[in-house]
């Protein structure tokens, strides 16, 4: 029987239990809990210890105002991400993406060909799935791809930290697809690049959209061994 106090067991539990929440309760997370979460994020390793991440966090009325103004912008303006989005999804990547999409749409009753339903669900990203808090993660432009990678590590620490604190979270590239708006709205300097947004709070576990879990590829699909 695994030792419940073993560090690897604890980490495996957090990884297995973590999931992307797509419907939140309105309850605000206490400030001290958010600060504890952010302190965990600061332990993230980075290239030459540069720690390139900067984080904008919204709460209360600020989240509601941001939600309203971002959605209005999205409905009237084209996307303009700081980082190029994937050119294509092929082979296994396409299949994994499709499987996740089918699970999502099935959970909320969107059938194939329902373009209006698909659009509505897509716009839920910009309503933060009703989350009471949003974190916008940016990196230093001069650090290039390595700064963005370091911020990706920060996001992982943030997600596992949220799980450890009983919080739910949704990492959202969709929010970064309107980077110029975010920079202007929050007064983010021009030398910063928006990497991703994370909606977070407490999960609405009664909502069907939170009832599915995605799978993971087998090691044989991702690892190549060289032993001699």
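Numbers for the structure displayed
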read-out: Of the criteria (1) more than 22 Å from residue 176 (Cα to Cα); (2) modelled with pLDDT of 95 or more, which one residue 24 fails; value: (1)
read-out: Matching residues, region 193-228, being under 19 Å from residue 107 (Cα atoms), out of contact with any strand residue (DSSP E or B) (no Cβ under 7 Å at 6 or more places or on another chain) and in contact (Cβ under 8 Å) with a residue 24 or more places away in the chain; value: 207, 208, 209, 211, 212, 213, 214, 215
read-out: Boolean, residue 166 is surrounded by fewer than 18 Cβ atoms within 10 Å (Cβ to Cβ) and under 30 Å from residue 140 (Cα atoms); value: no
read-out: Every residue from region 46-74 that is farther than 20 Å from residue 147 by Cα, loosely packed, with under 14 Cβ neighbours inside 10 Å and touching a residue at least 40 places away in the same chain (Cβ under 8 Å); value: 60, 69
read-out: Residue ID - nearest to residue 67 (Cα to Cα), chosen from residues in region 79-121 that are in contact with a helix residue (DSSP H, G or I) (Cβ under 8 Å, 6 or more places away or on another chain) and part of a helix (DSSP H, G or I); value: 121
read-out: Subset of region 148-205 [at negative phi and assigned to a loop (DSSP other than H, G, I, E, B)]; value: 165, 167, 177, 178, 188, 189, 190, 191, 202, 204, 205
read-out: Residue within region 131-143 that is surrounded by fewer than 20 Cβ atoms within 10 Å (Cβ to Cβ) and closer than 25 Å to residue 21 by Cα present; value: no
read-out: Pick from region 172-192, criterion under 15 Å from residue 79 (Cα atoms) and free of Cβ contacts under 8 Å to residues at least 40 places away in the same chain, ranking: surrounded by the most Cβ atoms within 10 Å (Cβ to Cβ); value: 183
read-out: Boolean, residue 163 is at pLDDT 95 or above and within 22 Å of residue 98 (Cα to Cα); value: no
read-out: Residue satisfying all of: in region 208-228; outside any helix (DSSP H, G or I) and under 19 Å from the mean Cα position of the chain (by Cα); surrounded by the fewest Cβ atoms within 10 Å (Cβ to Cβ) among these; value: 215
read-out: Residues located in region 10-53, provided they are farther than 30 Å from residue 107 by Cβ and assigned to a helix (DSSP H, G or I); value: 31, 32, 35, 36, 38, 39, 47, 48, 49
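The values are calculated or read from the model by the stated rules, or taken from the named source; none is laboratory data. Everything numeric in this text was worked out from a predicted model, so none of it was measured. Backbone-built Cβ (ideal geometry, glycine too); neighbour counts: all protein chains shown.
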